[in-house]
Amino acid sequence: MTDNHSHETPEVARPVSNFLRAAIDKDNQTGKYAGRVVTRFPPEPNGYLHYGHAKSIILNFGLAASYGGRCHLRFDDTNPLKENPEFEASIADSVRWLGYDWGEHRFHASDYFDDLYRFAEWFIEQGLAYVDGQTAEEMRASRGTLTEPGKESPDRHRSVEENLSLFRQMKAGDFPDGRYVLRLKIDMASPNLNLRDPGIYRIRHAEHHRTRDKWNVYPLYDYTHCISDAKERVTHSICTLEFQDHRPLYDWIINKLADGGMLPRPLPCQYEFARLNLTYVVLSKRFLIELVNGAYVDGWDDPRMPTLVGARRRGFTPAGFKLFAERAGVSKSDSWLDFSLLENAMRDDLNETACRRVAVIHPLKLIIDNYPQDKSEDCFAPNHPKKPELGTRAIPFSRELWIERDDFMETPVKGFFRMAIGQEVRLRYGFLVRCVGVDKDEHGNITAVHATYDPETKSGTEGASLRKVKGNIHWLSVAHAVPAEIRLYDRLFKVPFPGAKNPMGTLEETPVDAVSVELEEIEPKSDVGRSYLDDLNTDSKHIVRGFVEAEAANAQPEERFQFERLGYFVADIKDHQPKRPVFNRTVTLKDTWQA
């Protein structure tokens, strides 16, 4: 039986050479961090984690573990308008589900609000920050372009005293949202737009879920996360490629503070890797919110959603995600991975770990005419064909059986070796039977199939006939099968690149630039020719009423099985009950989307 609730410490990933390991190895050789390896996973608690976060979690926690280090879980809770404890709890639960634990190293950006504010005043005192009264639109207009320098704000040359006074008034709540922004004074002519006087504090009259109404100003991400890394003595700060151009700002801030004696050295270094770009899904938080709010899916944990709560409910496994991450690798270059890579990783894990059970999801009655009506007997099937130590289980056999409707064809086509009139097949783990006829209703629909069985051909019986046939189908006894709801899930989108004009279009969000501090919604960076909603797969969910054997019906929620010949399924974590079994299809036995 698989252990579907295990939160034990995961096995250390096999060392695979990549540029991150090379950097850590070099630091260890030079003694830069005295052999310490400290990474962090810093999500914002404003939504549910998705597949891309799984890659980051596995990378950060796995790297630290492989070097005997540690990985921190830190919540980037700097925007009180969007964050709440529900998301925070879900994030922590998803990290644990993947098999990782941060121990005592759980932090929040809000833990450092006092220091962040104190450091901001220090920057003002050093003449390195000023309060700007321009609007967000004016700041964007004066920011310049990649080929033209920006224009200095009229407020850039305020005195230290005036800047301190205004900033303290901002903190006291004397001004409305958006009236002022605190900006670093770096270089408006820098070729790197992120160094053109980035904003580091904005006014927000909003209650924070941890600090309540203490603050009227909140720090921005670029300012916060590098200082948080340094205070936690992180050594290797790993993020995705869109933050590559932000690295000079990361270094500028913490180096200035370290030079001023405000932070200890050695300082952390930022490294960027390619984020997960996966076909047939969208990973933009804005689009995921739209899917949920528009009722295109059944909530954040809909098994079709690329969220980790959805993946868990679908039956995806932590080990499958780790296998996927290992196969995907770590790169500095953006690329697309086909969704089948993730599906195959899940198949390969489940093939080894999932016990086998029998289900009939599109039932058709099979009547064995020469089998006694009042008799039943047990046939025996292995719980796992590769693991004899897991034993066998009894599957009752009787006169009336359920078979899959697709396993019968009245007029068989060439190469059809399953049940057809006059054709002999084996009932898996049972007897050889020969089809002799069918029953039909007044509309000509087949309601039952008739066959005769050979009692000398029972599988596993000493002395049984070894006569071989090409067809082999599964079945359940009508009298013993348990009715079940079977949810057949498929990919949520019908095209590899939803909404994109060209095959390399992407719906990933780009991070906010540090000067456009009042923007709450970031437009996706994409070459979009139509709405991604136009590409939804309308056949991505089907609910059918089938039957399962009693051993499956008695499963615990989240217990995973291979339903023989049908695919991998999981007992639904929310709705499954022994007297009302509900199973979700995790993945088919083979890639049904291959061209």
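Using a cut-off of 9 Å between beta-carbons, work out the net charge of the residues near Pro483 (Lys and Arg +1, Asp and Glu -1, Pro483 not included).
Details: positive: Arg545, Arg580; negative: Glu485.
Residues near Pro483 contribute +1 overall.
Can you work out ³J(HN,Hα) from phi for every residue in segment 219-224, in order, using Karplus 6.51 cos²θ - 1.76 cosθ + 1.60 and θ = phi - 60°, giving whole Hz and x for Gly and Pro?
x, 8, 4, 4, 6, 6
How big is the dipole moment of segment 53-131 about its Cα centre under a simple scheme where the beta carbon of each Lys and Arg is +1, that of each Asp and Glu is -1, and everything else is neutral? Debye, nearest 20, please. If you can, show how the numbers build up before the last one.
On the way: 7 positive and 13 negative charges, 86 e Å.
My answer is approximately 420 debye.
Under a Cβ-Cβ cut-off of 10 Å, what is the net charge of the residues other than Ser465 that fall near it, where Lys and Arg count +1 and Asp and Glu count -1?
Numbers: positive: Lys458, Arg467, Lys468; negative: Asp454, Glu456.
Charge balance near Ser465 sits at +1.
Have a look at Leu267, Gly310, Asn344 and report the one farthest towards the positive end of the charge dipole of segment 262-347, computed about the Cα centre with Cβ charges (Lys/Arg +1, Asp/Glu -1).
After comparing all options, I get Leu267.
Using the beta-carbon distance between Asp251 and Asp348 and R0 = 41 Å, what value does 1/(1 + (r/R0)^6) give for FRET efficiency, to the nearest 0.05? Can you show the working numbers first?
Numbers: r = 41 Å, r/R0 = 1.01.
Working from the Cβ atoms, E equals 0.50.
If exposed means no more than 16 neighbouring beta carbons inside 10 Å and the site is in a DSSP loop, what's the longest run of the chain without any exposed chymotrypsin sites (Phe, Trp or Tyr not before Pro)? Each step should come with its number before you reach the end.
On the way: sites that count: Tyr296, Trp336, Phe416, Phe417, Trp593.
It works out to 1-295.
Could you order Ser333, Ser66 by accessible surface area, starting with the largest, using a probe radius of 1.4 Å? Walk me through the numbers on the way to the answer.
Values: Ser333 70, Ser66 35 Å².
Largest accessible area first, the residues go Ser333, Ser66.
Give the residue list of trypsin sites (Lys or Arg not before Pro) in segment 369-474 that are DSSP loop and have at most 12 other beta-carbon atoms within 10 angstrom.
Details: sites: Lys375, Lys386, Arg393, Arg399, Arg405, Lys414, Arg418, Arg426, Arg428, Arg434, Lys440, Lys458, Arg467, Lys468, Lys470; in loops: Lys375, Lys386, Arg399, Lys414, Arg418, Arg428, Lys458, Arg467, Lys468, Lys470.
Hits after loop and neighbour filter: Lys375, Lys386, Lys414, Arg467, Lys468, Lys470.
Could you pull out the longest piece of the chain with no exposed loop GluC sites (Glu not before Pro) in it, calling a site exposed if DSSP puts it outside H, G, I, E, B and it has at most 15 other Cβ atoms within 10 Å? Walk me through the intermediate numbers first.
Working: sites that count: Glu8, Glu11, Glu104, Glu152, Glu207, Glu410, Glu442, Glu462, Glu520, Glu521.
After excluding every exposed loop site, the longest remaining stretch is 208-409.
In debye, nearest 20, what is the charge dipole magnitude of the chain about its Cα centre with +1 on Lys and Arg Cβ and -1 on Asp and Glu Cβ, if you could check?
1360 debye
Given R₀ = 60 Å, FRET efficiency for Ala448-Arg96 by Cβ-Cβ distance, to 0.05?
Numbers: r = 50 Å, r/R0 = 0.83.
The formula returns an efficiency of 0.75 here.
Figure the gain on full extension for Glu137 and Asp534 (residue separation times 0.36 nm, minus the Cα-Cα span) and round it to one decimal in nm.
Working: separation 397, 0.36 × 397 = 142.92 nm, distance 3.28 nm.
Extra length from Glu137 to Asp534 when fully extended: 139.6 nm.
When Lys and Arg each count +1 and Asp and Glu each count -1, what net charge do the other residues less than 11 Å away from Tyr250, Cβ to Cβ, add up to?
Neighbourhood net charge equals -4.
Placing +1 at every Lys and Arg Cβ and -1 at every Asp and Glu Cβ, with all other atoms neutral, what dipole size does segment 63-196 have around its Cα centre, in debye to the nearest 20?
On the way: 17 positive and 24 negative charges, 75 e Å.
Approximately 360 debye in magnitude.
Could you tell me the accessible area of Ile367 in Å² (1.4 Å probe, neighbours in place), rounded to the nearest ten?
Using a 1.4 Å probe on the heavy atoms, I get roughly 20 Å².
Measuring from centroid to centroid over Cα atoms, what is the spacing of segment 248-322 and segment 533-595 in Å?
That distance is 28 Å.
Collect residues whose amide H, placed 1.01 Å from N in the peptide plane, falls under 5 Å from the amide H of Ile395; neighbours closer than 5 in sequence don't count.
Answer set, sorted by chain and number: Cys379, Phe380, Ala381.
With a cap of 12 neighbouring Cβ atoms within 10 Å, and only residues DSSP puts in a loop, list the trypsin sites (Lys or Arg not before Pro) found in segment 186-234. Please list the in-between numbers first.
Values: sites: Arg196, Arg202, Arg204, Arg210, Arg212, Lys214, Lys231, Arg233; in loops: Arg196, Arg204, Arg210, Lys214, Arg233.
Those satisfying the criteria are Lys214.
Quickly estimate the mean residue ellipticity at 222 nm for the chain, helices only: each DSSP H run with n ≥ 4 gives -39500 (n - 2.57), and the total goes over all residues, rounded to 500.
Calculated from helices alone, the mean residue ellipticity at 222 nm is -7500 deg cm²/dmol.
Tabulate in residue order the Karplus-calculated ³J(HN,Hα) for segment 171-184, using 6.51 cos²θ - 1.76 cosθ + 1.60 with θ = phi - 60°, rounded to whole Hz; enter x for Gly and Pro.
4, 6, x, 7, 10, x, 3, x, 5, 9, 9, 8, 10, 6
In the chain, if every C-alpha pair distance is counted and binned at 10 Å from zero, what percent goes to each bin?
The calculated distribution, bin by bin, is 3, 14, 22, 20, 15, 10, 7, 5, 3, 0, 0.
The values are calculated or read from the model by the stated rules, or taken from the named source; none is laboratory data. Keep in mind it's a predicted model, so treat the numbers as computed, not measured. FYI the Cβ positions are ideal-geometry reconstructions off the backbone, even for glycines, and counts take in every protein chain you see. When the accessible area is computed, the model is the full protein with side chains, heavy atoms only, and any ligands, DNA or RNA have been set aside. Shrake-Rupley method; radii C 1.70, N 1.55, O 1.52, S 1.80 Å.
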